[in-house]
1. Kindly list the number of the only condition in (1) farther than 30 Å from D568 by Cβ; (2) surrounded by fewer than 20 Cβ atoms within 10 Å (Cβ to Cβ); (3) touching a residue at least 40 places away in the same chain (Cβ under 8 Å) that fails for A664.
2. In the range 537-576, which residue that is β-branched (V, I, T) and buried (at least 23 other Cβ atoms within 10 Å of the Cβ) is nearest to the chain's Cα centre (by Cα)?
3. Restricting attention to strands (runs of 3 or more DSSP E) lying wholly within the range 33-138, give those where 1 or more residues are within 35 Å of the chain's Cα centre (by Cα) and closer than 30 Å to L707 by Cβ.
4. What's the total number of residues in the range 497-556 that are assigned to a helix (DSSP H, G or I), more than 16 Å from R436 (Cβ to Cβ) and modelled with pLDDT of 80 or more?
5. Please find, within the range 631-653, the residue that is surrounded by the fewest Cβ atoms within 10 Å (Cβ to Cβ) out of those that are over 15 Å from W714 (Cβ atoms) and touching a helix residue (DSSP H, G or I) at 6+ places or on another chain (Cβ under 7 Å).
6. Could you run through the range 667-702 and say how many residues are of a type in the set (A, V, I, L, M, F, W, C) and more than 30 Å from H473 (Cα to Cα)?
7. Does P19 satisfy the criteria of being within 30 Å of R704 (Cα to Cα) and crowded, with 18+ Cβ neighbours inside 10 Å?
8. Would you please list the contacts, defined by Cβ atoms under 7 Å and residues six or more apart or on different chains, that run from a residue in the range 434-453 that is on the phi > 0 side of the Ramachandran plot and buried (at least 21 other Cβ atoms within 10 Å of the Cβ) to a residue that is outside any loop (DSSP other than H, G, I, E, B) and of a type in the set (D, E)?
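The values are calculated or read from the model by the stated rules, or taken from the named source; none is laboratory data. From a predicted model like this one, the values you see are computed outputs, not experimental measurements. We place every Cβ from the backbone using ideal geometry, glycine too, and count neighbours over all the protein chains shown.
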Amino acid sequence: MELFATVAEPILRVALDAPLRRLFDYLAPADTDFAQIQPGLRVRVPFGKQSVVGVVAGIAATSSVPLDRLKRAHAVLDTESALDPVTLQLVLWAADYYHHPIGEAFAAALPSALRAGAPLAASETRWRLLPEAIDAITKTPRLGPKQRALLAILQTSESIGETELAQGDTAFRDTLRNFSSRGWVTQFQRESPLLAATVANVAQGHILTAAQSLAVDEISARLGSFSPYLLHGVTGSGKTEVYLRVIETVLARGEQALVLVPEIALTPQAIERFQARFSVPLAVLHSGITDTERLAMWRAARSGAAPVIIGTRSAIFVPLARPGILIIDEEHDSSYKQQEGFRYSARDLALRRAQQHGIPVILGSATPALESLHQANTNRYQLISLPERTGAAGAPKLSVIDLRVHEERHGMATPSVAAIQRHLADGNQVLLYLNRRGYAPTLFCPGCRWSAPCQACDARMTVHLRHHQLVCHHCGAQQPVPYACPSCATELRPVGQGTERIEDALDEIFPHVPVVRIDRDTIHTRGQIEAALARVHSKEARLLVGTQMLTKGHDFPDVTLVVILNADQGLFGTDFRAAERLAQSIVQVAGRAGRADKPGEVLIQTACPDHPLLQRLLASGYSGFADAALAERAAAGWPPFSRLAVLRAEATTREQALLFLTEARDQIPISERQQVRLLGPAPAVMERRANRFRAQLLVECAQRAPLHQLLDRWLPLVERLPSARRVRWTLDVDPLEVS
């Protein structure tokens, strides 16, 4: 029989950063005012042999843990919740929706310094005059001018802090130390107060087009109420200007704006544009800042000191003092979905959060996700279109270069090279796009057809010639490039092109034209993306070559030609979203060509010019492609016309991974399988990665509610399987990849 502990004091249900789908029960510290206990407080508790920081997720009157085994928390760290009520509920809801350990969900929502016990609010050191010291001071002969001045300040002020000292004479610091040594003043810490709304000085923006003006008016009219908007604007149509105008109104109301961007690479440009427009403090949150900086930015958002917050995926959890609007730029981007650990979608959580706050949310993109378009088609989102570019350039001209017909040298067809020469001669810049890093994707032996394999993955190693290394882009393994084939001693050849090889080819063909390469190999430390973009905007670099880092929202006014070097990479992908991702990449990178008054040209190199996807894009643009793709998804029953969850497993042997998934599948009663479709278990497309075998089981359901009801009942059974302890397994709800 299960024992329940019932006590006269509240039982704290604490979320701890552990991979366990449960809360832990503790008694409050004995000296605690129980009336002050509330969800969201951080507590330090004993956990095994450690003392760790957790978050109170709830309060209970009883516990399933016997009374004599209930431990007391060591300390309550806060006097108020670390998260505002909406953000607290968002974390709880997200942990439940994604069926993820709640403690890890809270860990994702809080800066690491807070998880270690740092104070919620920033504090400052202050000094005040001791009453008993006044008599001693008046009897002290020959006080100097500095001492008299500081004494006057201390007598008329409750206390003095670093801010006042910084504004005064620096000699005050020495005088203050002298007063302290005499016992005239006492030092104490005080939390920085919450700041009132900042009145923003707004710089003049661009003249709005008719479509932009309608968009701004429509969204601004709905401030203060939940309204989801899909802002579908072609590249160069001025979506950012719409964001800025709406934020002007939000700031005038004394509220805050949270703007999410998909990549760190976009934050420098976003920060620059927002700083030029608004003379208010910005809080910037992304993985490239230090833990100390993250805590400072988090505090600024929570206190209201920062009216505008710009961040990547994890910023969706930052608390806001006065929320006014949420903006998700490039909403289609896969970077908004966390792919490891807590697998949440920041875009989807933004909609939930906006609904809870009762504020609008804008999802902006030139290539909206098919799920978002479906929501607009069914009137769940309000669709706002920006169908034309600002300026006189108009849409770029798209052409296909058939690689079956035209000679190719170093990955560039003859017509492409001629077009590059023409645009450079006109004083413009050229962008070459190839979503493949390194020098070449494989090292090949023409004698015995050997190619350099990764010893830990079912993949070939990529040649990185600058560092004379073979690198696996899946597990990170590296080894020196061999001089000859290990099987037959024939000279080896790098086959195919990567961005490094294209850069070398451009240096050879255009020796006097500066080249800048932007990919994960050249942009890996702080400040490098800013330096690379500065070379582009100053026109020091005339040729740009890079991966998808170049496709995401960058504005290059002098780029008039874009060459997509290999459009065939995604035409035959195994994932049902492969075509969508390829179409988005092509349209996004094509959109870098021709801004303002300079017309643009786009060349698409392909060996499959008759492929239906390319033909649809050329004939009717992204909207035409999306209509056809949604019809195909509806016929096949794939999202957004169904709901998915993927149970993945990896183990040291193929048999262990498949056995666990088979046993997990068998835990679903036959009676419940009628409302879901089970696909698998089956090996992953890349079955072996980092010396572990991977497999998956796909669960598909026509409706969201039955799927989650099944997961609620199923996961506890899966956790108790003996085979679960011999594998690493994860559940991914609403997965972006199922291959």
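1. Among (1) farther than 30 Å from D568 by Cβ; (2) surrounded by fewer than 20 Cβ atoms within 10 Å (Cβ to Cβ); (3) touching a residue at least 40 places away in the same chain (Cβ under 8 Å), A664 violates only (2).
2. Filtering first and then ranking leaves T551.
3. By residue number, 50-63.
4. 10
5. Filtering first and then ranking leaves F641.
6. Total satisfying the criteria: 6.
7. Taking the combined requirement at face value, the residue does not satisfy it.
8. If the second residue must be outside any loop (DSSP other than H, G, I, E, B) and of a type in the set (D, E), the pairs left are G438/E500.
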